[in-house]
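As C-alpha cells, the structure follows; a few thoughts come after it.
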Amino acid sequence: MDVLLVRLRFPFYSVARRSFQVRTSLLLPSPSALKGALARGLVLVKGIKGENLDEVARKAVKDIEDKLVDVRAVEVAPLTPMVKTAFLLKRLRNLEPIRDKKKLKTPEDWEKAMTKDDAMRREYVFTHELLVAYVFKGLSGEEKELYLKAAMLIDTIGDTESLATVVWADFVSPSEKSAPLAFYAPYQEISQALANKVRNGGAVKVHTETMLVSPDYGSRREEVFYLPVEEKRRKRVVYYERTTKVPDVENAIELNGEVLGLWLPGN
C-alpha cells in the first residue's frame with residue numbers, strides 16, 4: 001500500500017453534507033470533498049475529456065476510486081486547532097445567464113443584470129493546516145507521479161471560497177506499528193478498538209460526524225466517521241484539536257519524527 005500525504009494550508013474552509021446555500025460546516029473535510037479536490041487535479045494533469053463537466057468529473061473520480069484501498073480510506077489529521085464560526089457571505093453571480101434580455105432597455109438595466117449578487121449565512125472552520133492521507137493500492141511508478149502532480153494542483157476544499165494551498169506532498173509507505181490513531185476512520189470499524197481502550201482502563205473522546213463518502217452522482221451514500229479530536233474552550237471561544245485519548249491501531253506513518261496511527265480496512 002502507498003499513502004499519498006498532502007499538507008494543506010488554509011485561511012478557512014467550509015465543507016457541508018450538502019454544498020449549496022446556507023449550511024453548517026463539517027469539522028473536517030469529508031471523503032467526498034477530498035476525492036473531488038484530487039479529481040480536479042487529475043483532470044488538469046490527464047486532460048480528461050467528456051461531453052460535459054459531470055461526465056469529466058465522474059471519470060476522474062472513478063479513476064481515483066479504482067485505485068483507493070477503500071472508498072473510506074481518505075483521511076485527515078488536524079495539525080493546528082480548529083475554530084468554527086459563521087458569517088454573512090456575499091457572492092457575485094456574474095456568470096449566470098441572463099434569462100430575459102428583452103426587459104433590459106437601458107445601460108443601467110444591463111449593468112444591474114450583469115452584477116447580480118446574493119448573500120447567505122454559512123459556517124466556516126478556521127485553521128492553519130490539515131494533513132490529508134489518500135491510501136492507494138497497486139500503483140505503478142508512473143501512476144504515483146500522476147497522482148502526486150494532481151495533488152499539487154489542489155486549490156479548494158469544499159465550497160468555492162475555501163481556498164487551499166498545498167505546501168508539501170509525497171508518497172510514504174505505512175508500517176505495521178502500533179500507534180495512537182491520528183486520522184479519522186469509519187466509526188463502525190473503529191468502535192471495537194474504542195471499546196477495548198475503555199475496557200483496559202483507558203479514556204477516549206468520541207466525536208463523530210456523518211459524511212458523504214463519494215461525490216454525489218445520483219447516490220448519496222453517507223457514513224458515520226470517528227474523528228480523533230477533542231472540544232476545548234477558552235473563555236467564550238470553543239475550538240477543537242487532536243486528542244491523545246484515542247485507541248491504538250496497527251498501522252502507522254512517520255512524519256517529521258511523529259508516528260501517526262492510520263486505520264486501514266481489514267485491520
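The values are calculated or read from the model by the stated rules, or taken from the named source; none is laboratory data. Small disclaimer: the values here were computed from a predicted structure and weren't measured. Because the Cβ atoms are built from the backbone with ideal geometry, glycine has one as well, and the counts that use them run over all protein chains shown. These area figures cover heavy atoms from the full protein model, side chains too; ligands, DNA and RNA do not enter into them. Shrake-Rupley method; radii C 1.70, N 1.55, O 1.52, S 1.80 Å.
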Ordering 27-38, 244-255, 164-175, 124-135 by per-residue average of other C-beta atoms within 10 angstrom, highest first, gives 27-38, 124-135, 244-255, 164-175
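Go through 46/137; 137/177; 35/84; 84/245; 67/197 and tell me which ones have a Cα-Cα distance over 28 Å in this structure.
67/197
Can you figure out the FRET efficiency of residue 108 with residue 7, using R₀ = 41 Å and their beta-carbon distance, to the nearest 0.05?
Computed FRET efficiency for residue 108 and residue 7 comes out at 0.25.
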Residues whose built amide H sits under 5 Å from the amide H of residue 128, excluding neighbours closer than 5 in sequence, are 80
Rounded to one decimal in nm, the spacing of the 7 Å Cα→Cβ label points at residue 149 and residue 161 is 3.4
Sorted by accessible surface (1.4 Å probe, heavy atoms of the protein chains only), largest first, 189, 258 come out as 258, 189
Going residue by residue through the stretch 202-211, the Karplus relation 6.51 cos²θ - 1.76 cosθ + 1.60 with θ = phi - 60° gives ³J(HN,Hα) values, rounded to whole Hz and with x marking Gly or Pro, of x, 10, 10, 10, 9, 10, 10, 9, 8, 10
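Quote the FRET efficiency, to the nearest 0.05, computed for residue 140 versus residue 49 with a Förster distance R0 of 22 Å and r equal to the Cβ-Cβ distance. Don't jump to the answer; show the numbers that get you there.
Values: r = 23 Å, r/R0 = 1.03.
Computed FRET efficiency for residue 140 and residue 49 comes out at 0.45.
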Gyration tensor on Cα atoms of the stretch 1-53, a ≥ b ≥ c root eigenvalues, a/c under 1.5 rounded, else prolate if a/b beats b/c, else oblate, says oblate
For residue 246, the net charge from surrounding residues (Cβ-Cβ under 11 Å; K, R +1; D, E -1) works out to +2
Other residues with Cβ under 13 Å from the Cβ of residue 127 give, with Lys and Arg +1 and Asp and Glu -1, a net charge of +2
Out of 203, 181, 191 - ranked by how far each Cα lies towards the positive end of the dipole of the stretch 140-244, with unit charges on the beta-carbon of charged residues - the top one is 203
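Counting only heavy atoms of protein chains, what accessible area per residue, in Å², does the stretch 203-267 have with a probe of 1.4 Å? Let's see the in-between values first.
Numbers: 3590 Å² over 65 residues.
The answer is 55 Å² per residue.
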